[in-house]
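Trainee: Quick one: the structure is below, questions incoming.
Since every read-out is calculated from the coordinates, none of them should be taken as a lab result. These figures come from a predicted structure and were not determined experimentally. Cβ: placed from backbone, ideal geometry, glycine included. Neighbour counts: every protein chain shown.
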Amino acid sequence: MMEPLGGPIELLYVDSASTDGSPESASEYGARVIRINPARPCAAAGRNAGWKAASAEIVLFLDGDTVLARKFVADTVHHFADPRVAVVFGRRSEIKPEASIFTRVLDLDWVYPERQALFCGGDALIRRSVLEEVNGFDERLIAGEEPEMCWRIRAKGYKIVGVDRSMVAHDLAMTHWSQYWRRALRSGFALAEISTRFRHTSSPLWLRESRRNVLQGIIMLALFLLAPSLAIVCRTPIPIALAIGIVSLLTVRTAHRARWKSRRLVTLLLYGLHSHVQHIPILFGQLIYRHARRTGRVQGLIEYKTAEQ
């Protein structure tokens, strides 16, 4: 136990049948190891096991692929002096942003202005009494469990605050297109599931984003698939040239709007391209959810990292 904040700190590590020696390593560093083996593995199950075993009023959640910034907790807990604040989180940044084109681009997804937010990610400080009030994370979700819980938290009148302060360094560990595709598939599945759940509420979550993705995904598919087909049928490169021109204009427009995130032109252009290309796998992720819902199939985790990562 350490007391840098004027009180004891509990260190808990939740393990779900890992085979890489993580529980032993965590124990050596003084963590209390909690082992779970849920029938349907998901992040929500691990987080619920962790906060229910903790006794402190403020619970810090950290994903297994992140490293906590040394002073974040000490510099941030004062926000909870406001009893309406339930969740506070800070910035993520990639540990190795130059490791691949994917980490270079997706690192910008973590950049945002300080604000009162709609939801947090997997790393956040959360008031325990609020977790008890909303019964924690929904273990039926394979992704998107934080936004879903934050919706229920906000519905009770609490605030979620994002601060412009480094919170964690994150290891995306993404080097292949297949990983990028599966990560976006998972996002699409969560987008469809959560937007469907809250569709008929007074404050629908992600419904507009879900509908926008369907439109944008179809447009991007048409540009990438229909244009080459038309070029072959019509024996002219004009459809391909038009498609390239449209994608280029969209890329430049998005890069210009995101220029506050980075000063590096090439990175911004890649980010602009990513912002539109990702709509294709996200659309397929939505379709996977619709099919699973229609057939009654239980969808397992959609992972993009290997066991070694």
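Trainee: Send over the Kirkwood Rh of the chain, from the inverse of the averaged 1/r over different Cα pairs, rounded to one decimal Å. Please list the in-between numbers first.
Mentor: Details: mean 1/r = 0.0469 Å⁻¹.
Kirkwood radius, the chain: 21.3 Å.
Trainee: Only Lys, Arg, Asp and Glu count, each charged at its Cβ (+1, +1, -1, -1), so figure out the dipole size of the chain about its Cα centre, rounded to 20 debye.
Mentor: Working: 41 positive and 30 negative charges, 308 e Å.
So the magnitude is around 1480 debye.
Trainee: Amide H of residue 58: which non-local residues (sequence gap of 5 or more, or other chain) have their own amide H closer than 5 Å, using H built in the peptide plane?
Mentor: Here 128 satisfy the definition.
Trainee: Can you tell me how much longer the chain between residue 263 and residue 214 gets when fully stretched, taken as 0.36 nm per residue apart minus their C-alpha distance, in nm with one decimal?
Mentor: 14.5 nm
Trainee: Here's a follow-up. How big is the equivalent ellipsoid of region 164-290 along its three axes, where each semi-axis is √(5λ) from the Cα gyration tensor, reported in whole Å from largest to smallest? Kindly include the intermediate steps, with their values, before the conclusion.
Mentor: Numbers: eigenvalues 150, 99, 43 Å².
Whole-Å semi-axes of the equivalent ellipsoid: 27, 22, 15.
Trainee: Do any of 96/305; 52/156; 52/96; 71/156; 71/261; 52/159 go past 26 Å between their Cα atoms, and which?
Mentor: Working: 96/305 16 Å; 52/156 21 Å; 52/96 33 Å; 71/156 30 Å; 71/261 23 Å; 52/159 22 Å.
Distance filter (> 26 Å) returns 52/96; 71/156.
Trainee: Next question, about the same structure. Whole-Hz Karplus ³J(HN,Hα) for region 70-85, in order, using 6.51 cos²θ - 1.76 cosθ + 1.60 and θ = phi - 60°, x for Gly and Pro?
Mentor: Residue by residue, region 70-85 yields 4, 9, 4, 5, 4, 7, 10, 4, 5, 4, 7, 5, 7, x, 7, 7 Hz.
Trainee: Could I ask something else about it? Just to check I understand the Karplus step: with θ = phi - 60° and J = 6.51 cos²θ - 1.76 cosθ + 1.60, what whole-Hz values come out for region 14-27, glycine and proline as x?
Mentor: Listing the rounded values in order: 9, 10, 10, 6, 6, 10, 9, x, 4, x, 5, 5, 4, 5 Hz.
Trainee: Express in nm, to one decimal, how much length is gained between residue 232 and residue 11 on full extension, taking 0.36 nm for each residue of separation and deducting their alpha carbon distance. Walk me through the numbers on the way to the answer.
Mentor: Details: separation 221, 0.36 × 221 = 79.56 nm, distance 6.15 nm.
Roughly 73.4 nm would be gained on extension.
Trainee: Using a cut-off of 11 Å between beta-carbons, work out the net charge of the residues near residue 103 (Lys and Arg +1, Asp and Glu -1, residue 103 not included). It would help to have the intermediate numbers written out before the result.
Mentor: Numbers: positive: 96, 104; negative: 94, 98, 107, 109, 171.
My count for the surroundings of residue 103 gives -3.
Trainee: Could you give me the percent of Cα pairs per 5 Å distance bin for region 13-76, shortest bin first, beginning at zero and ending with the bin that holds the maximum distance?
Mentor: Over region 13-76, the share of Cα pairs per 5 Å bin runs 3, 14, 24, 27, 19, 8, 3, 1 percent.
Trainee: Calculate how large, on average over all directions, the projected area of the Cα convex hull of region 63-168 is; give the answer in nm² to one decimal. Could you put the intermediate results ahead of the total?
Mentor: On the way: hull surface 28.6 nm².
Mean projected area of the Cα convex hull: 7.2 nm².
Trainee: Taking H placed 1.01 Å from N in the peptide plane, check which residues at least 5 places from residue 65 or on another chain put their amide H under 5 Å from its amide H.
Mentor: Sorted by chain and number, the residues that satisfy this come to none at all.
Trainee: Also: Taking amide H positions as placed 1.01 Å from N in the peptide plane, with prolines and chain starts having none, which residues 5 or more places from residue 12, or on another chain, fall under 5 Å of its amide H?
Mentor: Hits under the 5 Å cutoff: 32.
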